[in-house]
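The values are calculated or read from the model by the stated rules, or taken from the named source; none is laboratory data. These numbers were taken from a predicted model, which means no experiment stands behind them. Neighbour counts are summed over all protein chains in view; Cβ atoms, including those assigned to glycine, are modelled from backbone coordinates with ideal geometry. These accessible areas exclude ligands, DNA and RNA; they are computed on the full protein's heavy atoms, side chains included. Shrake-Rupley method; radii C 1.70, N 1.55, O 1.52, S 1.80 Å.
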Amino acid sequence: MEYLNKRGGTICLEALPAPEFEFTTAKAALIEALDMEKTVNESLLSLHALANKHNDAHLSDFIETHFLVEQVDAQKELADYITQIERCEKELGLHIFDNDLKGKDLH
């Protein structure tokens, strides 16, 4: 919002509908989260391409600096978690995985 204000834009906040996901497993939740991160990344890349098309170097830099690296890191982290779950599908393995996640800063 700060960036939009600096550039003279108008901020219009609207209510977002609650997600309609029901997960039966941690793996399903992580796969959905990864898919959402990929969708956000694609949107950011499209916006970045549009900024480049209009020769808006400032917006391109802003997107690169504040969003793109974080998106790649988040996707990698979620993919790693999915891989770990797939390696420990049994109940005890999932329990250990769950305990390992406690206290970590998740996106």
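I need the full set of residues from region 33-75 which are among the polar types (S, T, N, Q) and under 29 Å from residue 20 (Cβ atoms), in order please. Give the steps one after another, and end with the answer.
Of all residues in region 33-75, those among the polar types (S, T, N, Q) come to 39, 41, 43, 46, 52, 55, 60, 65, 71, 75.
The answer is 39, 41, 43, 46, 71, 75.
Considering only residues of region 1-48 that are hydrophobic (A, V, I, L, M, F, W, C) and over 19 Å from the mean Cα position of the chain (by Cα), which is surrounded by the most Cβ atoms within 10 Å (Cβ to Cβ)?
In the first step, residues of region 1-48 are kept if they are hydrophobic (A, V, I, L, M, F, W, C); the result is 1, 4, 11-13, 15-16, 18, 21, 23, 26, 28-31, 33-34, 36, 40, 44-45, 47.
Of the ones still in play, those that are also over 19 Å from the mean Cα position of the chain (by Cα) are 4, 11-13, 15.
Numbers: 4: 11, 11: 8, 12: 6, 13: 6, 15: 5.
Among residues in region 1-48 that are hydrophobic (A, V, I, L, M, F, W, C) and over 19 Å from the mean Cα position of the chain (by Cα), the one surrounded by the most Cβ atoms within 10 Å (Cβ to Cβ) is 4.
Out of everything in region 49-88 that is without any contact (Cβ under 8 Å) to a residue 40 or more places away in the chain, of a type in the set (S, T, N, Q) and within 19 Å of residue 101 (Cα to Cα), what residue ends up being least open to solvent (accessible area, probe 1.4 Å)?
Filtering region 49-88 for residues that are without any contact (Cβ under 8 Å) to a residue 40 or more places away in the chain, of a type in the set (S, T, N, Q) and within 19 Å of residue 101 (Cα to Cα), the one least open to solvent (accessible area, probe 1.4 Å) comes out as 83.
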